[in-house]
Amino acid sequence: MIYGNALAYGKDINAKITVPFCPESKLSGLGLGNSERLTNVWYRSTFEVPSGMNGSRLRIHFGGVDYKAWVYINGPLAGTHIGGSAAFNFEITKFLKAGANEVVVKVLDDMWSGL
């Protein structure tokens, strides 16, 4: 997880967070509390498509992201979503490559804005 506005594709993200907890929560492993006024937070993970799924159409699913999310797969934007705890998903087949793939999620949740 990192903070800021610039796309974090291909960058090392040194902080580790336990999802689905927010960075302010102790359960997240960060426990930032109200010490920082976070607005944009970036999450990064890597994955490989199982060989048995090669050639299949694939989607990425989220149980919810509070409040607004931008989802990038291997760099390009796969989609955006607004809606807090509402589940959503995106077709990501065209963004995938052989071997390691990267998903980066930018989250806007300015808790000081009242959103």
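The values are calculated or read from the model by the stated rules, or taken from the named source; none is laboratory data. No experiment lies behind these values; they were computed from the predicted model shown. For neighbour counting, all protein chains shown are included, and Cβ atoms are generated from backbone atoms with ideal geometry for every residue, glycine included.
Being more than 12 Å from Val104 (Cα to Cα) and small (Gly, Ala, Ser) is the filter here; which residues of region 63-86 pass it?
Gly63, Gly64, Gly83, Gly84, Ser85, Ala86 - these are the residues of region 63-86 that are more than 12 Å from Val104 (Cα to Cα) and small (Gly, Ala, Ser).
Got at least one residue in region 82-96 being aliphatic (A, V, I, L, M) and in contact with a Ser or Thr (Cβ under 8 Å, 6 or more places away or on another chain)? Lay out the reasoning, then the answer.
Restricting attention to region 82-96, the residues satisfying the condition of being aliphatic (A, V, I, L, M) are 82, 86-87, 92, 96.
Cutting the leftovers down to in contact with a Ser or Thr (Cβ under 8 Å, 6 or more places away or on another chain) gives us none.
Among the residues of region 82-96, not one is aliphatic (A, V, I, L, M) and in contact with a Ser or Thr (Cβ under 8 Å, 6 or more places away or on another chain), which makes the answer no.
State the number of residues belonging to region 75-98 that are in a strand (DSSP E or B) and either loosely packed, with under 12 Cβ neighbours inside 10 Å or among the small types (Gly, Ala, Ser) (or both).
Kept after step one, since they are in a strand (DSSP E or B), are these residues of region 75-98: 77-82, 88-91.
Of the ones still in play, those that are also either loosely packed, with under 12 Cβ neighbours inside 10 Å or among the small types (Gly, Ala, Ser) (or both) are 78-79.
So the count comes out to 2.
Name the pairs: first residue in region 52-65 and among the charged types (D, E, K, R), second residue at pLDDT 90 or above, Cβ to Cβ under 7 Å, at least 6 apart or on different chains?
Final answer for the pair search is Arg57/Glu91; Arg57/Thr93; Arg59/Asn89; Arg59/Phe90; Arg59/Glu91; Arg59/Ile92.
Looking at region 20-59, which of its residues are within 22 Å of Asn89 (Cβ to Cβ), among the hydrophobic types (A, V, I, L, M, F, W, C) and modelled with pLDDT of 75 or more?
Result: Val41, Trp42, Phe47, Val49, Met53, Leu58.
Does region 22-35 contain at least one residue that is among the charged types (D, E, K, R) and more than 17 Å from the chain's Cα centre (by Cα)?
Here is the first cut: in region 22-35, the ones among the charged types (D, E, K, R) are 24, 26.
Next cut, more than 17 Å from the chain's Cα centre (by Cα) only: 26.
Looking for residues that are among the charged types (D, E, K, R) and more than 17 Å from the chain's Cα centre (by Cα), one finds at least one in region 22-35, hence yes.
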